1. On alpha carbon coordinates alone, what is the Rg over Rh value for the range 1-46, Rh being the Kirkwood radius?
2. Using packing as a proxy for protection, rank 42-50, 11-19 so that the peptide with the highest average count of other Cβ atoms within 10 Å comes first.
3. Using alpha-carbon pairs under 8 Å, 6+ residues apart, how would you state the relative contact order of the range 1-46 in percent?
Amino acid sequence: MSGTIKAQTCPYCHQEVEDYEANWEFESEEEVECDNCHKTYVSKPQYIFDGWLIEKQCEQCGEWTDDGMVLCDCEDED
Ligand SMILES: [Zn+2]
Ligand SMILES: [Zn+2]
């Protein structure tokens, strides 16, 4: 990946935006205004696909567990 940065940062004055104030709307190119220099720019979050998390439901107790991490006690029983 190139061109992405960890925090939403103003391209004019390089003021970083706190995560809770950042633009998370990745389907729209929303213009945001910098609190510091009051210029507008467009920021879009870029997500890196990290793979799938698979969960299965225990047939005995109905508990959802992901593979390798058993959250219920049923499967320990012989
Ligand atoms: Zn700025
Ligand atoms: Zn179970």
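Just so it is clear, none of the values below were taken in a lab; they were calculated from the coordinates. These numbers come from a predicted model, not from an experiment. Neighbour counts are summed over all protein chains in view; Cβ atoms, including those assigned to glycine, are modelled from backbone coordinates with ideal geometry.
1. On the way: Rg = 10.0 Å, Rh = 10.9 Å.
Answer for the range 1-46: 0.92.
2. Working: 42-50: 10.0, 11-19: 12.1.
Result, highest mean Cβ count within 10 Å first: 11-19, 42-50.
3. Dividing the mean separation by the residue count of the range 1-46 yields 33 percent.
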